[in-house]
Amino acid sequence: REQELLNGDPFLESITVSCGELTPEFVSERLKYRLVLSYEMPTPEFSFVARNENTTVTIEAPDMFKVGSTDILVHCVAQDGTAVTYTITVERKAKVITEPSVNSEPNDNSGANAVTVIVISAVSVAAIIAVIIFVIYRKGKNNVQKDL
């Protein structure tokens with residue numbers, strides 16, 4: 001009676017993900033990967049294809065969609081019991097909160113606003129200097145009249 005040969009290849013042929021980019025590039029014998037997602041990205045869907053159709057693939061995926069890092073474990077067991085585990089570290093970034101701009105209306109002449117502020121500031125400084133000169137002049141004039 002012929003003995004059936006059991007397959008001993010537990011490796012995956014491919015890992016695909018619906019959003020984001022798996023790094024480094026997939027190679028069957030590499031067991032650790034990283035996936036970085038922005039806060040706004042949808043929940044990724046994964047697809048795992050074994051090199052051998054008789055390999056059993058099971059996935060351990062805790063709440064990987066929270067902000068922070070979570071490991072997805074992909075256990076692959078060949079027909080002869082040989083096993084490997086792939087680890088995909090999913091890192092979801094925190095929500096980015098942007099401050100509203102000072103000028104809430106779109107404006108093509110934003111440079112003009114800066115020039116206006118500078119001109120107003122220059123005019124204010126000139127007015128202050130004029131008042132100081134006037135006060136000094138009046139004081140000097142009053143002192144001259146007292147001396148006469």
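Values quoted throughout were computed directly from the atomic coordinates according to the rules given, and no laboratory measurement underlies them. For clarity, every value in this text was computed on a predicted model and none was experimentally measured. We place every Cβ from the backbone using ideal geometry, glycine too, and count neighbours over all the protein chains shown.
Amide H contacts of residue 37: 91, 92, 93, each under 5 Å away and 5 or more positions distant or on a separate chain (H built 1.01 Å from N in the peptide plane; Pro and chain starts excluded). Karplus-derived 3J(HN,Hα) values for segment 8-22, using 6.51 cos²θ - 1.76 cosθ + 1.60 with θ = phi - 60°, are x, 9, x, 7, 7, 8, 7, 10, 10, 9, 6, 8, x, 10, 6 Hz; glycine and proline are entered as x.
Net length available on complete extension from residue 129 to residue 27 is 29.4 nm, with 0.36 nm assigned per residue and the Cα-Cα distance removed.
Residues whose amide H lies under 5 Å from that of residue 12, counting only those 5 or more places away or on a different chain, are 51; hydrogens are built 1.01 Å from N in the peptide plane.
Each residue of segment 75-87 was assigned a 3J(HN,Hα) from its phi angle through the Karplus expression (A = 6.51, B = -1.76, C = 1.60, θ = phi - 60°), giving 8, 10, 10, 6, 4, 8, x, 4, 10, 9, 10, 8, 10 Hz with x at Gly and Pro.
Label zone of residue 19 (point 7 Å out along Cα→Cβ, amide N under 13 Å): in segment 50-77 this covers 65-66.
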